[in-house]
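Let me begin by presenting the structure, written as structure tokens, before commenting on it.
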Amino acid sequence: MLRKRMRNLIYALMLIVLSLGGSLKAENLVKYVNTLQGTDSNFGLSWGNTYPTTALPYPMHGWSAQTGKNGDGWKYQYSAQTIRGFQQTHQCSPWVGDYGVFSLMPVSGDLKVNEDQRASSFNHKNEIAKPHYYRVKFDNGMIAEMSPTTRCAHMRFSFPRSKQAFIVLDGYIKLSSVHIDPERHRITGYVHNGNWIPDTFKSYFIIQFNKLFLSYGTWENKKNTIQEGQCLAEGEGVGAYIEFSKGAEVEIKVTSSYISPEQAEVTLEKELGKFSTFEQTKQMAFDEWNNLLNRVFVEGGSKEQKATFYSCMFRANLFSHKFYEEKSDGSPYYYSPYDGKIHDGYMYTDNGFWDTFRSQFPLTNILHPTMQGRYMNALLDAQEQCGWLPSWSFPSETGGMLGNHAVSLLADAWAKGIRTFSPERALEAYVHEAMNKGPWGGANGRQGWKEYYQLGYVSYPESMGSTSQTLEYAYDDFCGYQLAKAAGNTFYEQIFRRNMFNYKNVYDPSVGFMRGRKINGEWSRFDPYEWGGPYCEGNAWHYSWSVFHDVQGLINLMGGEEKFVAKIDSVFSVPNIVKYGTYGGKIHEMLEMELAGMGQYAHGNQPIQHMIYLYSYAGTPWKTQYWIRQVMNRLYNSSEKGYPGDEDQGGMSSWYVLSALGIYSVCPGTDQYVLGSPLFDKVTIVLENGNKFVIEARNNSDKNLYIKSATLNGVPYTKNYITYSDIIKGGILSFDMDAVPNKERGVNKNDRPFSVSSDNE
């Protein structure tokens, strides 16, 4: 009893010390971030498919240097030797392009408007790429700098003294309009470009210069014709140019609004009006990023590990983009990309949930629960405006990929205590989604929904990716089941309770894999190494683990824990051979798996990224701990080759951040994060509610990667998961690490993470 009292006293004193410590000293963590991480990518091989974004967290607009041609999804490639512009960007993937784009480019010497001719050479040694600040000095002596606000950018272009100085505005592709106002030193106008935009969409811009115009004119980028002295122009690819005095240092304030030119004026004043100089904007942007990064303060680890971590933290806090604007009184409203009307409230876009539901959103629930609450209402508002829950919004619904994972976001928020929305409303929206097919891509409603309900699976070849669809629908139905329970709707609770076990219908025990099934019940032709067909961007080795909500049920299907563990082991030991299957040739995901050199473990794509954590469901958590460290140390770094595949809207970055903390959300829709192996000696998470959650890893190193023992708030802790409520309350999760696995810790049934089969026993 005395020992218990002393332990409780010590823990109480520790909490007091934490609380009295006030805010952590705001160490410069921005210095670790490299926004060039993952930029050495191309169509055939992705090291991230990123670009050096200059933006605030969750911005409405980001900005990037542009090396690629207008309309090219690879807007910036590390291998390029010239830059042709500085773009307003919203792009979440090169595969979907961009929207609401225009660019500015300084030109020294003779006026050149053509995007190829105006491009200037540079060296990466003369480039600074940070979240709050981008700078490049061109080989010809010009200097370009950018710093962001949420909806604006502050630029500074410095020109050599000996040559003429121009700034060229490029209207990008499709319709644009410009109005040059020499007296006010500004250009206004709009652009209308993007693949998934309403006909009424316009991005109204204001470009405000701090210097007098020597000359000006308009041009268009189809034939590159120039109209000297012309102030007004409208048409495809219309732009403008301005001449300044030789050696000028021109500061430019840029903003855009989707609502109106008048709102653009309001935004410009609200976000940049108080900053008279570029340096002031730069300092504000630095402070905002540094404060956010300091909310997850890591200690220990190498400089490179910190650089990788904070570079990933940067990207984990970029998407989704805010699509709402603020009136002069600060109240939010937005132009809806779904119905083209103006609405009060919040809206978020530019995210593909197939990529992010299992990593980026569970991380954001920890760091930004208020924003998540607003986001959930925005999802339901979007559903009312276009008739469908978003799956991949850019900015309106594209239907990209597969699954109905908006329901995962809603169920996960509810499970974690974010109660800003009605579960009845969410359930109603999901029921419509689950029992209909929408007019857009495969994830807009359900491809093969009738077969799914009638047969218990999606049939092949009637639907390409059928097995993947069946598995992800079953998980989504678990999320629907969770919402139905929250709403007290017993009818849909029973329906989704039955359907969430449909994953069993595509498991073939004779081959030990999930496989394609014909409409008559027979199995389709099978080769576990063959990509495509019934699988989406993968093969049987990758998709057979996609039972997030019922890992115990999957263990049972595979013949028990020993066989299950052996099966996971074999993923790493079998050859990393690739058979093209229905793809007919090598796609970049295949090459990335080969380069990883980890058998059939294809971390460069989402379907298998959770698999390592499944060891913890089968009594072998030390194997999770080993392989998590292997993946973090072998497949990630802070360089231009920093990712083992598409980074995907913060999805891969969030996987790394969570895993480096020592946790991961295998099953969003529950309140659990499965334990892995913490990378750093200590992490202090400053929560939105003011509490601090500390993760300690004593005696931690590259060799001491195994959890020997653990305590939560001073009490021995044997579970292989931590709950969201325990995190949010604040406290200390402490691990003792060792070079030898402790095969006695965390092996009991009640220490294992959630499985719906176990929960319903």
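Summary table
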item: Residues of the stretch 526-553 satisfying the condition of being within 16 Å of residue 610 (Cβ to Cβ) and more than 26 Å from the chain's Cα centre (by Cα); result: 552, 553
item: Close pairs from the stretch 377-403: first aliphatic (A, V, I, L, M), partner part of a loop (DSSP other than H, G, I, E, B) and surrounded by fewer than 22 Cβ atoms within 10 Å (Cβ to Cβ), Cβ under 7 Å, at least 6 apart; result: 378/346; 380/421
item: Test: residue in the stretch 696-703 that is part of a loop (DSSP other than H, G, I, E, B) and crowded, with 17+ Cβ neighbours inside 10 Å; result: yes
item: Those residues of the stretch 224-278 which are in a helix (DSSP H, G or I) and either under 19 Å from residue 101 (Cα atoms) or free of Cβ contacts under 8 Å to residues at least 40 places away in the same chain (or both), in sequence order; result: 261, 262, 263, 264, 265, 267, 268, 269
item: Matching option when the condition is basic (Lys, Arg) and assigned to a strand (DSSP E or B), among 708, 719, 743; result: 708
item: Subset of the stretch 170-218 [among the charged types (D, E, K, R) and under 22 Å from residue 99 (Cα atoms)]; result: 170, 174, 199, 202
item: Residues located in the stretch 554-565, provided they are in contact (Cβ under 8 Å) with a residue 24 or more places away in the chain, surrounded by fewer than 19 Cβ atoms within 10 Å (Cβ to Cβ) and either closer than 18 Å to residue 610 by Cα or of a type in the set (Asp, Glu) (or both); result: 561
item: Residue in the stretch 456-465 that is farther than 19 Å from residue 532 by Cα and either of a type in the set (D, E, K, R) or assigned to a helix (DSSP H, G or I) (or both) present; result: no
item: Qualifying residue in the stretch 227-237 (condition: touching a Pro at 6+ places or on another chain (Cβ under 6 Å) and within 19 Å of residue 188 (Cβ to Cβ)); result: no
item: Pair list, Cβ under 8 Å, 6 or more apart: the stretch 183-204 residue in a loop (DSSP other than H, G, I, E, B), other residue surrounded by 23 or more Cβ atoms within 10 Å (Cβ to Cβ) and among the β-branched types (Val, Ile, Thr); result: 193/101; 194/101; 202/191
item: Any hit, the stretch 410-430, residues being in contact with a Ser or Thr (Cβ under 6 Å, 6 or more places away or on another chain), assigned to a loop (DSSP other than H, G, I, E, B) and crowded, with 23+ Cβ neighbours inside 10 Å; result: no
item: Unique match (being assigned by TED's automatic domain parsing to the domain that holds residue 577 and either among the β-branched types (Val, Ile, Thr) or touching a Ser or Thr at 6+ places or on another chain (Cβ under 9 Å) (or both)) among 464, 500; result: 464
item: Residue tally, condition touching a strand residue (DSSP E or B) at 6+ places or on another chain (Cβ under 9 Å) and of a type in the set (Ser, Thr, Tyr), over the stretch 640-668; result: 2
item: Helices (runs of 4 or more DSSP H) within the stretch 304-387 that include 1 or more residues surrounded by fewer than 22 Cβ atoms within 10 Å (Cβ to Cβ); result: 360-367, 369-386
item: Some residue of the stretch 642-662 being under 21 Å from residue 544 (Cα atoms) and either polar (S, T, N, Q) or surrounded by fewer than 24 Cβ atoms within 10 Å (Cβ to Cβ) (or both); result: no
item: Meets criteria (under 20 Å from residue 603 (Cα atoms), charged (D, E, K, R) and either in contact (Cβ under 8 Å) with a residue 12 or more places away in the chain or not assigned by TED's automatic domain parsing to the domain that holds residue 611 (or both)) for residue 472; result: yes
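So that you can scan it fast, the table gives a plain yes or no per residue for (1) under 21 Å from residue 297 (Cα atoms); (2) in contact (Cβ under 8 Å) with a residue 40 or more places away in the chain; (3) buried (at least 18 other Cβ atoms within 10 Å of the Cβ); (4) aromatic (Phe, Trp, Tyr):
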{"residue": "690", "(1), (2), (3), (4)": "yes, no, no, no"}
{"residue": "693", "(1), (2), (3), (4)": "yes, yes, yes, yes"}
{"residue": "713", "(1), (2), (3), (4)": "yes, yes, yes, no"}
{"residue": "724", "(1), (2), (3), (4)": "yes, yes, yes, yes"}
{"residue": "737", "(1), (2), (3), (4)": "yes, yes, yes, no"}
{"residue": "740", "(1), (2), (3), (4)": "no, no, no, no"}
{"residue": "743", "(1), (2), (3), (4)": "no, yes, no, no"}
{"residue": "746", "(1), (2), (3), (4)": "no, yes, yes, no"}
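The values are calculated or read from the model by the stated rules, or taken from the named source; none is laboratory data. Everything numeric in this text was worked out from a predicted model, so none of it was measured. A quick note on method: Cβ atoms are made from the backbone with ideal geometry, for glycine too, and the neighbour counts reach across all protein chains shown.
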